[in-house]
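Participant: Starting off with a structure, shown below.
The values are calculated or read from the model by the stated rules, or taken from the named source; none is laboratory data. Here the structure is a predicted model, which means the values were calculated and not measured. Heads up, the Cβs are rebuilt from the backbone with ideal geometry, glycines too, and the neighbour counts pull from every protein chain shown.
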Amino acid sequence: MKINRIAIIAVLAILTVVLAGSASAFDLSFLTGSDDAAQDVNIGGIDFTIPAGFTENEDYKIDNETSSSSNDFHMSAAGFEDDSKKNAVYIMVADYGGYNVTNEVIENVLDSEDAVKKTINGHDGYFMEVSNDQASEVNDQTEILNMETMTSDKVYMFIYEENGDLVYIGVTDESYLNEVIH
């Protein structure tokens, strides 16, 4: 079964918009306060570490939901924000069932993007920077989400495969990538 390139691009575009708006659009009334220590989380069967001072926003939690596209996949995701509402971490893991995502597949999907091959904590993947203007443009084009403009000037994304799953991590500070990825 061949994975639909448009489905992956659409998922990545949506996630970019979510992260772009999340730094300023999180509703703190849903939060229980931030943790003073880093927290270990498991999303889609993969372990990550969330930096100290971040709290999960349940509005962005997706737990093994199935897509409604022609290429069924299961997606798990979580979004985290610090108390300043200026820093965010968003993680998504997509499992395409019997189809294993590879770095070659990701490279083909991202061939027209400004993705750079990079290794973070032993994971080979693709790194991208997206400006506030680019994220707003994606939001305007997709008209999927009505989100506020992010407070961060850039969103940093790292996309890689682990155990045949697509892993997307978006952060408002590039240094968080080294903390989040095991």
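Participant: With the checklist (1) modelled with pLDDT of 90 or more; (2) closer than 29 Å to Asp153 by Cβ in hand, flag the one item Lys86 doesn't pass.
Facilitator: With (1) modelled with pLDDT of 90 or more; (2) closer than 29 Å to Asp153 by Cβ applied to Lys86, the lone miss is (1).
Participant: Name the single residue, out of those in region 148-182 being within 20 Å of Asp83 (Cβ to Cβ) and among the hydrophobic types (A, V, I, L, M, F, W, C), that is modelled with the lowest pLDDT.
Facilitator: If we take residues in region 148-182 being within 20 Å of Asp83 (Cβ to Cβ) and among the hydrophobic types (A, V, I, L, M, F, W, C), then Met150 is modelled with the lowest pLDDT.
Participant: Filter region 69-126 for residues that are buried (at least 21 other Cβ atoms within 10 Å of the Cβ), farther than 13 Å from Glu162 by Cβ and in contact with a helix residue (DSSP H, G or I) (Cβ under 7 Å, 6 or more places away or on another chain) and give the result.
Facilitator: Gly79, Glu81, Ala88, Val89, Tyr90, Val109
Participant: Asn57 versus (1) surrounded by fewer than 18 Cβ atoms within 10 Å (Cβ to Cβ); (2) without any contact (Cβ under 8 Å) to a residue 60 or more places away in the chain; (3) not hydroxyl-bearing (Ser, Thr, Tyr): which is the lone unmet condition?
Facilitator: Here Asn57 meets the rest and fails (1).
Okay, residues lined up against (1) modelled with pLDDT of 90 or more; (2) touching a Cys at 6+ places or on another chain (Cβ under 6 Å); (3) of a type in the set (S, T, N, Q):
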site	(1), (2), (3)
Gly98	no, no, no
Asp111	no, no, no
Val116	yes, no, no
Asn132	no, no, yes
Ser136	no, no, yes
